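Notes follow the structure.
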Amino acid sequence: MTAAAINSREQALAGGLAFAMHVLFLILLVFGVSWQHQQINTAVVVDLWRDLPVAPPRAEAPPPPPAVKPEPPPPAPKVEVKPPPKPEPAPAARPDIALKEKQDKERKLKAQAAVDAKLRTAEKAREEAVEKKKRAEADALKTKQLADAEAKRAVAEQEKMRAAEAAQRAAAQQREIDKYMDGIRTKVKRFVLVPPSLQGNPEADFVVTLLPGGEVLDVRLGKSSGNAAYDAAIESAIRKAQPFSVPAGDPFQQYFRRFTMAFRPVQ
């Protein structure tokens, strides 16, 4: 039985005792009043049936009985709270049951160990696959970088070779052009009459336009030597020295269509 149940029971018992005492007190009070009333009525009836004697002094009514004080309810019985019963020791396990439980436990541990081993193996395989993929990607990137570097080096070599070949061709063309220009200049100088008034070694530039056969189409002074007579002598010599020997085909033909020649008295 719990302490709450015990307290509830004690309160119910105390309430019942208090109620019984109040009922007893009420019964005693009613009984006392009724008894007093009966005594008064009896004395009056006796006095009426007697001869008319001298009325004795009226007896004073007896004092009311003292009020009965209700006795206090007896103290509630002390309920001793019993300590909870001690748990009975579990019965000793049977050897076969203990052995079976031990075997089941070992079997579960082995199964869990096997699962953990598989998980570790799978995780290790996944990590190795990721690492292998990274190495493959790194190798592929390195190979691509090497290939790109090799391709760039090859392109650079080709461009270098093409530039060298172009420079060689340009140098060869320039040598060929210089050879023809020297021939034109030498031929023109044979027809130049240098005026006696010319002083120093001034330079005059002329822009010459030729036809495909080497004939002169036009001659214009580009830069004067400062001596009009010397400039006129050079222009006359150019016209007299035509036709000039020029190379056939491009790019020489394009170069000699219109070119600039410089002339000095002493070269």
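The values are calculated or read from the model by the stated rules, or taken from the named source; none is laboratory data. In this text, all values refer to a predicted model and were calculated from it rather than measured experimentally. Backbone-built Cβ (ideal geometry, glycine too); neighbour counts: all protein chains shown.
Couple of notes before you dig in:
- Considering residues of the range 229-267 that are more than 15 Å from Lys189 (Cβ to Cβ) and aromatic (Phe, Trp, Tyr) only, the residue surrounded by the most Cβ atoms within 10 Å (Cβ to Cβ): Phe256
- Output for the range 182-225, where each listed residue is within 18 Å of Gln253 (Cα to Cα), out of contact with any strand residue (DSSP E or B) (no Cβ under 6 Å at 6 or more places or on another chain) and exposed (fewer than 14 other Cβ atoms within 10 Å of the Cβ): Asp182, Gly183, Pro212, Gly213, Glu215
- Residue pairs whose Cβ atoms lie under 6 Å apart, sitting 6 or more positions apart in sequence or on different chains, and linking a residue in the range 121-140 that is at pLDDT 95 or above to a partner that is surrounded by 10 or more Cβ atoms within 10 Å (Cβ to Cβ), do not occur here.
- Condition check for Val208: in contact with a Leu (Cβ under 9 Å, 6 or more places away or on another chain) and on the phi < 0 side of the Ramachandran plot: yes
- Checking every residue in the range 149-166 against the condition of being outside any helix (DSSP H, G or I) and either at pLDDT below 90 or out of contact with any Cys (no Cβ under 8 Å at 6 or more places or on another chain) (or both) gives zero matches.
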